[in-house]
1. Going through ASP358, ASP399 one at a time, which residue ends up being among the acidic types (Asp, Glu) and touching a residue at least 24 places away in the same chain (Cβ under 8 Å)?
2. In the stretch 251-268, what residues are touching a residue at least 40 places away in the same chain (Cβ under 8 Å), in a helix (DSSP H, G or I) and not hydrophobic (A, V, I, L, M, F, W, C)?
3. For the stretch 50-96, which residues satisfy the criterion of being surrounded by fewer than 24 Cβ atoms within 10 Å (Cβ to Cβ) and of a type in the set (S, T, N, Q)?
4. Could you check, for the stretch 397-417, whether at least one of its residues is over 30 Å from ALA233 (Cβ atoms) and modelled with pLDDT of 90 or more?
5. Identify, please: which residue in the stretch 127-178 is among the aromatic types (Phe, Trp, Tyr) and under 30 Å from PHE106 (Cα atoms) and is, among those, nearest to the chain's Cα centre (by Cα)?
6. Give me the helices (runs of 4 or more DSSP H) completely within the stretch 313-418, filtered to those with at least 3 residues that are loosely packed, with under 14 Cβ neighbours inside 10 Å, ordered by residue number.
7. Look through the stretch 133-150, keep the residues that are buried (at least 16 other Cβ atoms within 10 Å of the Cβ) and of a type outside the set (Asp, Glu), and return whichever of them is farthest from THR286 (Cα to Cα).
8. Do you know which residues across the stretch 26-51 are in contact with a Leu (Cβ under 8 Å, 6 or more places away or on another chain), of a type outside the set (D, E, K, R) and over 15 Å from VAL178 (Cα atoms)?
Amino acid sequence: MIVDAETDSAEAREQAGLAHVATASFLASRLVPTGGFAVALAGGVALARAALRTGLRGGFGASLAALLQTVAVIGPARLSVPLTQALSAPLLGRLHARRAGVAARFATCAGVRLGHQLVSTAFYIWIVVGSLDVYAGTYDELLGDLPLLPAGESAALLATGAGLLAWTVFASAVQVTVYRRGLLGWPPAAERERRPTSRPPAPALPARRPRFDPRAVAAAAAVAFAVLLASTAWIVLAAVAAWLALAWATARGDREPIRAGLAFAALLAAGAFVFGLLGGAALDVTLRRTARAALLVLVATWLRAAAGEAGIREVARRALRRAHRVPAAAEASAILERLGARGSLAASGRALVGAVRDQPRRPASLAAAVLTWIAVEAARFAPAPPGAAPAALRVRPRDRVLVALAVAAAATLALPAG
């Protein structure tokens, strides 16, 4: 029984270390303005390794824990950047364990990637841009005069589909190749290297707590998201904006995510505005859709700022524990608990910079350095001790008021848009 306990402990440490590497990689992929796919490859290799070593549930548990950890650090904005690799990496790890052929791995990766891109593109067309006719109008304005290219909605969708398919083929080929090389060439020395970095602190709410209970913050933000997705009527937008202004003024939240949130809100709003103008939408419609795009990001930014990193982690832990019957939820809960706070993420980032700084600027050399970094950082990571007591949370009257005001903003959906 002692050997089994040690084996289980070693497996748990390895899972946590691989999830830590995936967190660092995915977090960086969400922060960089371009090239997020390439940055997230390291995290995908780590998750494929987790699935190879601990099974599909263990791989998806590590994947979900890593994604939730990045949300706790910077909020939910741009989560779609590493999402494709978070979904496909555990599958590719198990296919590698079963010695599946390259064609099967490519088909699996491409299927996940294409499905995710279709959903993301549909969200952008019908929520951010606002409608297919505006999207097609922008396509006609930019490309309609080129020879041999048709015009109209069907042409816009076909051109978009062709672009998505081309990217799917290229990105899936790169992903399968990098993962396969990483899993086959896992450095043996990393298995023996147990020089832990500084231990991440156990999850706990900070001494200066945010004003609102993080569960109330999450509930209010969910209501606001739903309202914004349901309508772009001025009265609805004004109600959500008023609620958000009051919530932000009273939240006593973190300032850290604000700059990135404002930048992303401006970028998404600018895209909606340009598409509306080029696509021939009325100015009033364009402005309403632009405002909605900005508000969606601002609500997400407020969620992270008002709940705090520890608050979001605590909400995620409790949700996972309640959903323990869902496959991989129990594994994700255990891994997220052992990841602790952001602790050594910065140290891992500095280690990666040091690993690639002196390498020749050739893809093979850089890939070898990054793959070595993945293995070494996973082995060095010192997980937080398991079994930490949940943070004490208490719903107060002000939390109920926060959610009630969000529901009041939702009530404007029943009012005439006029």
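1. That would be ASP399, the only listed residue that is among the acidic types (Asp, Glu) and touching a residue at least 24 places away in the same chain (Cβ under 8 Å).
2. The answer is GLY261, and nothing else.
3. Matches in the stretch 50-96: THR54, SER80.
4. Within the stretch 397-417, one or more residues are over 30 Å from ALA233 (Cβ atoms) and modelled with pLDDT of 90 or more.
5. Residue satisfying both the conditions and the ranking: TRP167.
6. Once the helices (runs of 4 or more DSSP H) in the stretch 313-418 are filtered for at least 3 residues that are loosely packed, with under 14 Cβ neighbours inside 10 Å, what remains is 345-357, 363-380, 397-411.
7. GLY144
8. PHE26, LEU27, ALA50, ALA51
The values are calculated or read from the model by the stated rules, or taken from the named source; none is laboratory data. Keep in mind it's a predicted model, so treat the numbers as computed, not measured. All Cβ positions, even for glycine, are placed from backbone atoms using ideal geometry, and neighbour counts span all protein chains on display.
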